[in-house]
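Notes follow once the structure below has been shown.
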Amino acid sequence: MSPKLAIVTGANKGIGFAIVRGLCKRFDGVVYLTSRDEERGKTAVLELNKEGLNPKYHQLDITDTKSLEVFHDYIKEKYGGIDVLVNNAAIAFKTSSPEPVAVQAVETLRVNYFAVLATCEILFPLLRNGARVVNISSSSGHLSQIPSESLRNRFKDPELTIPELSDLMNKFIEEAKQGTQSAEWGNSSYSVSKVGLTALTMIQQRFLSDREIKVNAVHPGYVDTDMSSHKGPLSIDEGAAAPLFLALDAPDSVRGQYVWYDKRIVSWVGQKPKEQ
Ligand code: NDP
């Protein structure tokens, strides 16, 4: 019988790296550290080898359909299915970035929403019954980040479909290009991308419940990584704790939820909890 299989995207550094570390210690199966850059990924694997941990490695650029398909075929052939998928890879422009909002909108949504969606579309057919999917969102992925009530109502509509959600993401990009996004969407492309990912999580759960697959979104906390310019107070292992809880420990009843770094289930549509 094939061993159980866990996969983490964007795992050569930061929170993804620590999630792989935690999975290697506790997951009863094979763990894949994946990265878009092969050299950075293999260096990360060597680092874990020094700790006595032995993740497998495969290249995976989530924005590259070919890379996703090669990975899909490899996993299908070698293992037949996936038990844990952690969608961790993402980007964030620095607040000091000189790139215009429109450029940031296109690139941020391309990686953090559309590429994660493509990853799911290509890899979900391999999910085994009972599998767990963890979508790394953010406190910025809380619905309260969106100023417009009518938009918030669209995002939380329990009938919302993936094509409709993708249309909403494209609408933001169009508004950012026109410079009219501010009042309804706010000015953070990162927030919009993560709200989109949280909404995607809720939709995915609707379609996968009948196979006992659990899909949850998580805010990992404010973590000391390159993305946060090392301003976050949490270590990467602390940032990996809630994602690992969802991947390994959460009761099966936890599904289609938005989970805070202290492992609390938080209302995605209610008031945003304060970062401690
Ligand atoms: P880092 O910037 O440290 O790491 C991001 C990882 O994603 C890197 O390995 C990067 O690879 C990878 N990546 C980026 N683009 C792609 C791609 N196209 N294909 C594959 N991998 C890619 O960020 P963090 O560890 O801080 O963030 C991890 C997750 O946690 C993200 O989803 C982030 O949004 C989220 N998050 C982080 C918070 C924080 O405080 N740090 C707070 C809330 C959420 P490369 O090294 O090649 O660039």
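What ranking do 70, 111 get, fewest neighbouring Cβ atoms within 10 angstrom at the top?
By the 10 Å Cβ count, ascending: 70, 111.
Neighbouring Cβ atoms within 10 Å as the yardstick, rank 58, 219 fewest first. The partial results should precede the final answer.
Details: 58 17, 219 28.
Ascending Cβ contact count within 10 Å gives the list 58, 219.
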Once you have a ≥ b ≥ c as the square roots of the Cα gyration tensor eigenvalues for segment 128-212, tell me rounded if a/c is under 1.5, and otherwise prolate or oblate according to whether a/b is larger than b/c.
prolate
Mean separation of Cα contacts under 8 Å (at least 6 apart) over the residue count of segment 12-106, i.e. the relative contact order in percent, is 22 percent
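For the chain, what's the relative contact order in percent, using C-alpha pairs closer than 8 Å and at least 6 residues apart? Provide the component values of the computation, followed by the final result.
Values: 519 pairs, mean separation 53.8, N = 276.
The normalised contact order for the chain reaches 19 percent.
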Mind putting a number on the dipole of the chain about its Cα centre? Charges go on the C-beta only, +1 for Lys and Arg and -1 for Asp and Glu, and I need it in Debye to the nearest 20.
500 debye
Gaussian network model of the chain, springs between alpha carbon atoms under 10 Å - residue of 79, 190, 261 with greatest fluctuation:
79
Straight distance only, please: which lysines reach the Cα of residue 94 with their own Cα at less than 16 Å, same-chain residues fewer than 8 apart left out?
194, 231
Where does helix 14-26 land angle-wise versus the long Cα axis of the chain, in degrees 0 to 90, nearest 10?
40 degrees
Among 205, 191, 227, flag the residue with its Cα farthest along the positive direction of the charge dipole of segment 162-227, charges on Cβ as +1 for Lys/Arg and -1 for Asp/Glu.
205
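Coordinate-derived values only; no laboratory data. What you are looking at is a predicted structure, and each value in this text was computed from that prediction instead of being measured. Don't worry about glycine lacking a Cβ; one is built from the backbone with ideal geometry, like all the others, and counts go over all protein chains shown.
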